[in-house]
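For reference, the structure is listed below as structure tokens.
The values are calculated or read from the model by the stated rules, or taken from the named source; none is laboratory data. Keep in mind that what you see is a predicted model, and the values were worked out from it rather than measured. Cβ placement follows ideal geometry from the backbone for every residue including glycine, while neighbour counts extend to all protein chains displayed. When the accessible area is computed, the model is the full protein with side chains, heavy atoms only, and any ligands, DNA or RNA have been set aside. Shrake-Rupley method; radii C 1.70, N 1.55, O 1.52, S 1.80 Å.
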Amino acid sequence: MGGFRAARTGAITDGMSQIITRFAPSPTGKLHIGSVRTALVCWLFARHTGGQFILRIDDTDLERSRQEYVDGIFSDLTWLGLTWDQLEYQSKRMARYEEVITQMKAKGDLYACYETPTELDLKRKSLLAQGKPPIYDRGALRLTDRERSAYEAEGRRPHWRFKMRGSNIEWQDKIRGPVHFAVDQISDPVVVREDGRPLYHLCSVIDDADMKITHIVRGEDHVTNTASHIHMFMALGAPVPEFAHLPLLADAEGGKLSKRVGSQSAQELRDEEGLEPMPILSLLAKLGTSDPIALHRDLASLAREFDFAKFSRTMARLDIADMHRLNAQYLHDTDYDTIREKLAPMGLDDISETTWNILRANITRLSDLRDWKNIIVGRITPVIANDDREFISAAATALPSGNLTPETWSVWTAALKEQTGRKGKSLFMPLRLAITGLDHGPEMAPLLPIIGREKLLERLSA
């Protein structure tokens, strides 16, 4: 059989001024990490080329689609900064799908099938038992008019399959390189259910054709779907987009991504992990590429560096710890004016610029400020070892008079060193533990003035 090279239609972008990508989530759950990565790659490619990014809500699954998930998609993408140029809903395009389906039935691109799920399952099992691939045998095409009428008389309603063409399929994937499929190794996909509702495959192709999508980015688990979709584009007489199939994600050790990490949503990364958008985007944009994982301060810099040629075909390793590392770096390097608007919704609007500058190097997520705020203005349990009680008592007496300033710490500890003979860790650590209850944290010199004399003496006297 002859071969169809989809790469030939890659010329659809020749002479065109604009790349058009799309992100098409189904609102049947929250937006998880893998979907965020796909959306980001689509967005970066569109912005890198000065193109358009379309958000399409694939909500044809009426039983599972929920408005709360649609709202969540909008909220998550907006929070991440992945703004869209055009918004579409599949549920609003049903008349268009019906129009195209009617035309395809008339041309013979779709054909009616009457097998029940049980009968199809038996066919698959029989083929597998013979060591053959479970490819649909096109038995429905051999039915006589009398047999079809008999099925309908007993109440069977047909589902409809798309009839694959006789040519093998090849395309030049922007990540995987040359891809080849033998058409006899692919089942004719079901595209219309028994109740008449169109399914994902055909709806997606019709949308991509109508919306003039030039590049489709999705996970490599869709490669087989792409093979059948290319034939659908041909049946519609539409240009075939270019494709980029992203390698799937692995865990930090290179194994299968755990269900917990793999299903984490953007909302959970924000609300439970306490992450900021740019650390998440910085990691996901570089996963599986030749570029190093490094913090980027804005999406524009990620878009400038984007190139499909940098992507590897191997599975990309995802380690949430890397996001937390980048998140800490982001906060450590963020000035007060940038962070201030995020403090009020957290009830932290009383954190001053001075306090932020003291604390920011000691937090890994913004919510850590709540703990440090309590250490500064709340009630804590001082940690004073028995061997340090006399020393802490002497420290309370030796605290310099007057207003506490950043210089107070050095004056105070110098006096205590002279008085007690302590130095180094044995001098500084007992004071830190008594004042903050922790063995780590910001420099004590700037911390003393914002804690204040009253609380300082209260803790030293505990």
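A few remarks follow.
- Test: residue in region 29-47 that is in contact with a Phe, Trp or Tyr (Cβ under 7 Å, 6 or more places away or on another chain) and modelled with pLDDT under 95: yes
- The residues in region 38-54 that are closer than 15 Å to SER265 by Cβ and open to solvent by 10 Å² or more (accessible area, probe 1.4 Å) can be counted, and the count is 1.
- There is at least one residue in region 236-255 that is assigned to a helix (DSSP H, G or I) and surrounded by fewer than 23 Cβ atoms within 10 Å (Cβ to Cβ).
- Pairing residues of region 304-315 that are polar (S, T, N, Q) with residues that are open to solvent by 40 Å² or more (accessible area, probe 1.4 Å), at Cβ distances under 8 Å and at least 6 apart in sequence or on separate chains, gives SER312/SER290.
- Hits in region 171-187 - residues which are open to solvent by 20 Å² or more (accessible area, probe 1.4 Å), farther than 20 Å from VAL36 by Cα and out of contact with any His (no Cβ under 7 Å at 6 or more places or on another chain): GLN172, PRO178, HIS180, PHE181, ALA182, ASP184, GLN185, SER187
- Considering only residues in region 79-119 that are among the acidic types (Asp, Glu) and open to solvent by less than 80 Å² (accessible area, probe 1.4 Å), the one that is nearest to ASP58 (Cα to Cα) turns out to be GLU88.
- Enumerated strands (runs of 3 or more DSSP E) restricted to region 23-137, each holding at least 1 residues that are within 30 Å of ARG156 (Cβ to Cβ) and either of a type in the set (A, V, I, L, M, F, W, C) or more than 22 Å from the chain's Cα centre (by Cα) (or both): 110-113
- Subset of region 401-428 (residues that are under 24 Å from ALA361 (Cα atoms), open to solvent by 50 Å² or more (accessible area, probe 1.4 Å) and not hydroxyl-bearing (Ser, Thr, Tyr)): PRO406, GLU407, LYS425, PHE428
- Residue in region 410-429 that is hydrophobic (A, V, I, L, M, F, W, C), under 13 Å from ILE451 (Cβ atoms), in contact with a helix residue (DSSP H, G or I) (Cβ under 6 Å, 6 or more places away or on another chain) and at pLDDT 95 or above present: no
- Scan of region 188-202 for residues that are in contact (Cβ under 8 Å) with a residue 40 or more places away in the chain, surrounded by fewer than 23 Cβ atoms within 10 Å (Cβ to Cβ) and in contact with a helix residue (DSSP H, G or I) (Cβ under 7 Å, 6 or more places away or on another chain), ordered by number: PRO198
- Leading residue by the ranking (farthest from TYR97 (Cα to Cα)) among those in region 203-214 that are in contact with a Lys or Arg (Cβ under 8 Å, 6 or more places away or on another chain) and open to solvent by less than 10 Å² (accessible area, probe 1.4 Å): ILE213
- Taken over region 313-336, the criterion of being surrounded by fewer than 16 Cβ atoms within 10 Å (Cβ to Cβ), part of a helix (DSSP H, G or I) and modelled with pLDDT under 95 is satisfied by ALA321 alone.
- Entry remark, region 430-462: residues being under 41 Å from the mean Cα position of the chain (by Cα), under 16 Å from THR381 (Cα atoms) and either open to solvent by less than 10 Å² (accessible area, probe 1.4 Å) or β-branched (Val, Ile, Thr) (or both) number 2 in total.
- Considered as a group, the residues in region 285-305 that are within 13 Å of VAL41 (Cβ to Cβ), in a helix (DSSP H, G or I) and not aliphatic (A, V, I, L, M) include one that is most open to solvent (accessible area, probe 1.4 Å), and that residue is GLU305.
- Positions within region 348-379 being touching a Gly at 6+ places or on another chain (Cβ under 7 Å) and either surrounded by fewer than 16 Cβ atoms within 10 Å (Cβ to Cβ) or among the small types (Gly, Ala, Ser) (or both), in sequence order: SER367
- Looking across region 156-187, the residues that are touching a residue at least 60 places away in the same chain (Cβ under 8 Å), among the charged types (D, E, K, R) and part of a loop (DSSP other than H, G, I, E, B) come down to ARG165, LYS174, ARG176.
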